[in-house]
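Asks: Dropping the structure in here first, questions after.
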Amino acid sequence: MPLYLRLLGWLVLSWVSLTGCITLKGKDVSLATRFADSPQPPPPDYANPDHWAALPTRSDNADRYPTYVAADQQSIAAADVFYIYPTLYSYKPTLPNQWNADVKDAYLNRQIDELAILNQASIFNGSGKVYAPRYRQAHLYAYKTPYANDSIQAFALAYEDVKTAFQYYLDHFNQGRPILIAAHSQGTNHATRLVKEFFDGQPLQKQLIAAYLVGIPTAPDAFITIRPCQQADDTGCFVSWCTYAEGYYPPNYAEKLQKAACINPVNWQIDPTLAASAEHQGSVLWKFKPSKPHRFSTRIEGGMVWITKPKIPFGFLLKVKNWHQGDYNLFYFNVRQNAQKRTQSYLNQTQK
């Protein structure tokens, strides 16, 4: 095959393979046992650095940046970021536990570090010190099982780890610093619960810069006192979006998405105002390669963000309708800049 065709194929594959959430491997796996019959893996010990996927005191993939610019600001950051990664436990279990992952699963930890931490958590290293706990995440099947109680128990176990990790973070690391919450997919399920329990109407709310609750439809009234952000520099609020191809309505649109809180992660507006491609600052693609900016335009439709087909050679070959895997990667540099802007806005307000 001629070199130019191989390069074009790689370019299209890079856009198809935006990796922010589950891998395609194992997407149709069903668990053979019920939750009650599956042994639970041992709980993490958050005094052990190995039970964190990212810590600001060591070198990890949350420190990286997809250009030659040395942009990691964690050593001088005035804020913290608590990041909760999405579902990557989607393959056929190889350990006795099935419904919840073991934090000592070496294969899964590589996936978390090389995909979620690299492609998502690294966005925020220009805004704060990044903390990302490993947790016994629920298997992807927990979203699809016909046994509702099994699903509830699997997610509850996962959340208990997230809650324990966050309390450990507060007790040992935070020291009263402002906090960004960032999450995707299953991580957003847990982050929403965490914000309700620790921030919503609680003393800690005054430390909340913003919560990035991405990839899961989140109702505008999900919290009692914390409202959706209205513009790019709002603080003490939450942002949420789910990304789809322009013109596509997913099967759950009317049920979950139509009335979900949604902000455009390019122009940071909550109305259908078009964000032209000129406002798109660039994506991060397969193998952490940055794209050129201005590849697509975006607008809000109902509770979704619609994107046009990326302007790349042979872009017409892209048949992706659900861009869930790229909820962060697609807007990497816009989100990075926004997190910095909200953090500075918070610091300006509190320093007056």
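Asks: Dipole of the chain, Cα-centred, from +1 at each Lys and Arg C-beta and -1 at each Asp and Glu C-beta, to the nearest 20 debye?
Replies: On the way: 34 positive and 27 negative charges, 182 e Å.
Roughly 880 debye for the chain.
Asks: Please identify every one of the chymotrypsin sites (Phe, Trp or Tyr not before Pro) in segment 93-166 that sits in a loop by DSSP and has no more than 15 other beta carbons within 10 Å of its own beta carbon. Before the final figure, lay out the partial values.
Replies: Values: sites: W99, Y107, F124, Y131, Y135, Y141, Y143, Y147, F155, Y159, F166; in loops: W99, Y135, Y147.
Answer by residue number: Y147.
Asks: Grab the DSSP H runs of the chain that are 4 residues or longer, score each as -39,500 (n - 2.57), total them, divide by all residues and round the 222 nm result to the nearest 500 deg cm²/dmol. All intermediate terms of the calculation are to be shown ahead of the outcome.
Replies: Working: 5 runs with 74 residues, N = 352.
Dividing the helical sum by the residues of the chain leaves -7000 deg cm²/dmol.
Asks: Identify which of P86, P96, P56 has the largest mean-square fluctuation in a Gaussian network model of the chain, with springs joining Cα atoms closer than 10 Å.
Replies: Evaluated over the chain, the most mobile residue of the options is P96.
Asks: Restricting the count to DSSP beta bridges whose residues both fall in the chain, what percent are antiparallel, rounded to a multiple of 5? Numbers along the way, then the final one.
Replies: Working: 11 of 32 bridges.
Among the beta bridges of the chain, antiparallel pairing accounts for roughly 35 percent.
Asks: Please give the contour-minus-distance gain from T164 to N322: 0.36 nm per residue of separation, less the Cα-Cα distance, rounded to one decimal in nm. Intermediate results must be reported in sequence, preceding the final value.
Replies: Values: separation 158, 0.36 × 158 = 56.88 nm, distance 3.29 nm.
Result: 53.6 nm gained on full extension.
Asks: Let me ask something additional. What residues have an amide H closer than 5 Å to that of A53, excluding those fewer than 5 places away on the same chain, when H is modeled at 1.01 Å from N in the peptide plane?
Replies: Counting only residues 5 or more places away or on other chains, the set is A132, R134.
Asks: Taking 0.36 nm per residue of separation and subtracting the Cα-Cα distance, what length does fully extending N149 through A106 add? Present the calculation step by step, with values, prior to reporting the outcome.
Replies: Details: separation 43, 0.36 × 43 = 15.48 nm, distance 2.86 nm.
Between N149 and A106, full extension yields 12.6 nm more.
Asks: What does the charge count near W306 come to, summing +1 for each Lys or Arg and -1 for each Asp or Glu among other residues with Cβ under 10 Å from its Cβ? Present the calculation step by step, with values, prior to reporting the outcome.
Replies: Working: positive: R299; negative: E246, E301.
Charge balance in the 10 Å sphere: -1.
Asks: Over all distinct Cα pairs, what is the inverse of the mean 1/r for the chain, reported as the Kirkwood hydrodynamic radius in Å? Numbers along the way, then the final one.
Replies: Working: mean 1/r = 0.0488 Å⁻¹.
Hydrodynamic radius (Kirkwood, Cα only) of the chain equals 20.5 Å.
Read-outs throughout are calculated quantities, based only on the coordinates presented, and are distinct from any laboratory measurement. A quick note: this is a predicted structure, and the numbers were derived from the prediction, not measured. Note: ideal-geometry Cβ built from the backbone for every residue, glycine included; neighbour counts use all protein chains shown.
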